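What follows draws every value from the coordinates through simple rules; no lab data is involved. Please read these numbers as outputs of a predicted model, since none were measured by experiment.
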Amino acid sequence: MSFNVDMNAVYQQFANVFGSLAPLLWPFIGVLLALFVFGGLITIFKHYGQR
């Protein structure tokens with residue numbers, strides 16, 4: 001049953017890569033969320049402005 005050991009190693013490697021990339025990804029995720037919310041608000045205001 002070396003499958004558990006292999007999966008554990010893969011998970012550890014994935015955690016290390018994600019841990020090193022997270023500081024670079026968080027601003028990008030924040031900008032995407034801000035654009036998504038901003039676009040949604042603009043769409044809502046346009047929808048109510050046409051009435």
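Obtain the radius of gyration and the Kirkwood radius of the chain from its C-alpha atoms and give Rg over Rh.
On the way: Rg = 20.6 Å, Rh = 14.3 Å.
Result: Rg/Rh = 1.44.
For the chain, find the longest principal axis of its Cα atoms and tell me its angle to the long axis of helix 3-49, 0 to 90°, nearest 10.
0 degrees
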